[in-house]
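Below is one structure, written out as structure tokens, with a few remarks after it.
The values are calculated or read from the model by the stated rules, or taken from the named source; none is laboratory data. For clarity, every value in this text was computed on a predicted model and none was experimentally measured. Glycine gets a Cβ as well: all are built from the backbone with ideal geometry, and neighbour counts include every protein chain shown. To get the accessible areas, we keep the full protein, side chains included, count just its heavy atoms, and leave off ligands, DNA and RNA. Shrake-Rupley method; radii C 1.70, N 1.55, O 1.52, S 1.80 Å.
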Amino acid sequence: STDEELIDYALEKMRGLPRAKRGAQLRLVLALVIEGKTYTAEAKIRGVIPIKPSDTRIKGFPYRSLLYFPKLTKFYNTDEMTPEENDVYNHRKKALEELKPILRRYLNG
């Protein structure tokens, strides 16, 4: 499916839902296997899906046009968020940060 089709599909499934039931999250789970041992890290960010998506599209990341942070009054996309805000809300970075000590320990022997 295209990004636009995914956005349209999600909005169609949520049509008529009240704001209180439009909570959403992006969740990332990373797995790292070193010498047969598995390490995992998880991070998520929460927001809501408004009735209308952002007009901005980031190719390959359709759900960023749907995830809205009421606290920031912004969608989850780099055109709207400051670098500092993006740093705070970056779920990929948060998960990777959890695995950094393991990588350092392995790389430093």
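In this structure, is Ala10 aliphatic (A, V, I, L, M), surrounded by 11 or more Cβ atoms within 10 Å (Cβ to Cβ), assigned to a helix (DSSP H, G or I) and touching a residue at least 12 places away in the same chain (Cβ under 8 Å)? Spell out how you get there, then give the answer.
On the way: aliphatic (A, V, I, L, M): yes; surrounded by 11 or more Cβ atoms within 10 Å (Cβ to Cβ): yes; assigned to a helix (DSSP H, G or I): yes; touching a residue at least 12 places away in the same chain (Cβ under 8 Å): yes.
Taking the combined requirement at face value, the residue satisfies it.
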Filter segment 20-44 for residues that are of a type in the set (D, E, K, R) and out of contact with any strand residue (DSSP E or B) (no Cβ under 7 Å at 6 or more places or on another chain); which is farthest from Arg57 (Cα to Cα)?
-> Glu35
Flagged pairs (Cβ under 8 angstrom, 6 or more apart or on separate chains; first in segment 60-72, under 16 Å from Glu5 (Cα atoms); second open to solvent by less than 30 Å² (accessible area, probe 1.4 Å) and among the polar types (S, T, N, Q)) are Phe61/Asn77; Arg64/Ser54; Arg64/Asn77; Ser65/Ser54; Ser65/Asn77; Leu66/Ser54
Counted residues, segment 45-86 - those being part of a helix (DSSP H, G or I) and under 15 Å from Leu26 (Cα atoms) | 5
In segment 36-77, what residues are farther than 25 Å from Gly16 by Cβ, within 10 Å of the chain's Cα centre (by Cα) and open to solvent by 50 Å² or more (accessible area, probe 1.4 Å)?
-> Lys44, Phe61
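Taking only segment 17-33 into account, find how many residues are assigned to a strand (DSSP E or B), aliphatic (A, V, I, L, M) and open to solvent by 60 Å² or more (accessible area, probe 1.4 Å). It would help to see each step written out before you state the result.
Residues of segment 17-33 that are assigned to a strand (DSSP E or B), as a first pass: 23-33.
Remaining after also requiring aliphatic (A, V, I, L, M): 24, 26, 28-33.
Now restrict to residues that are open to solvent by 60 Å² or more (accessible area, probe 1.4 Å): 29, 31, 33.
So the count comes out to 3.
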